[in-house]
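Taking it in order: structure first as structure tokens, then the write-up.
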Amino acid sequence: MDRYSMTSLVKLKSIDEYTFTHCVNVCILSMYLALYSEWHGYLHDIGVGAILHDIGKVSVPADVLRKTGLLDFTEMNSIKCHPRYGARLLFKSGCRNQIILSCVLDNWPGTATRMGRPAMQSPRLRE
């Protein structure tokens, strides 16, 4: 994880503590699952991708992230675009790792297709 990504993660924590905590929890669970699957060799990449999976929310207005009521169409659209914002942010910072970018784009194994392309194949759990 580069300095720009870490700075963005710190920024996300200052903007929205709830999303930051969610990212940490997703990271822990993802790494645990990867440890006991065919993906155990990619533990570092999965951990980085998982903790950064919502990093695009730094590009969403803070008032939208903190809003407690229903979101209007524009606000919801802003939230829905956060995976693209995150991938763009990481790509600009030099990230070319497909696992990390797939996590950020919400294109995780076993999920539906994204942008017309099939998601990565689902790994089998180790016994």
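The values are calculated or read from the model by the stated rules, or taken from the named source; none is laboratory data. Computed from a predicted structure; not experimentally measured. When we count neighbours, we look across all protein chains shown, and the Cβ atoms used for this are built from the backbone with ideal geometry, even at glycine.
Summary table
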| quantity | calculated |
| --- | --- |
| Scan of the range 1-30 for residues that are among the basic types (Lys, Arg) and over 21 Å from residue 99 (Cα atoms), ordered by number | 11, 13 |
| Boolean, residue 60 is modelled with pLDDT of 95 or more and surrounded by 19 or more Cβ atoms within 10 Å (Cβ to Cβ) | yes |
| Members of the range 23-53 found to be of a type in the set (Val, Ile, Thr) and under 25 Å from residue 84 (Cβ atoms), listed by number | 24, 26, 46, 48, 51 |
| Only one of 105, 101, 89 that is within 18 Å of residue 23 (Cα to Cα) and in contact (Cβ under 8 Å) with a residue 60 or more places away in the chain | 89 |
| Matching helices (runs of 4 or more DSSP H) fully within the range 1-52 where at least 1 residues are in contact with a Gly (Cβ under 8 Å, 6 or more places away or on another chain) and crowded, with 16+ Cβ neighbours inside 10 Å | 17-35 |
| Filtered residue count, the range 53-100, keeping only those that are assigned to a helix (DSSP H, G or I), of a type in the set (Ser, Thr, Tyr) and more than 26 Å from residue 29 (Cα to Cα) | 2 |
| Residue that is surrounded by the most Cβ atoms within 10 Å (Cβ to Cβ), among those in the range 70-108 that are small (Gly, Ala, Ser) and within 9 Å of the chain's Cα centre (by Cα) | 86 |
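Results for (1) in contact with a Cys (Cβ under 7 Å, 6 or more places away or on another chain); (2) farther than 21 Å from residue 89 by Cβ; (3) at pLDDT 95 or above, shown as yes or no for each residue.
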position: 4; (1), (2), (3): no, no, no
position: 7; (1), (2), (3): no, no, no
position: 10; (1), (2), (3): no, no, no
position: 21; (1), (2), (3): no, no, yes
position: 28; (1), (2), (3): no, yes, yes
position: 39; (1), (2), (3): no, yes, no
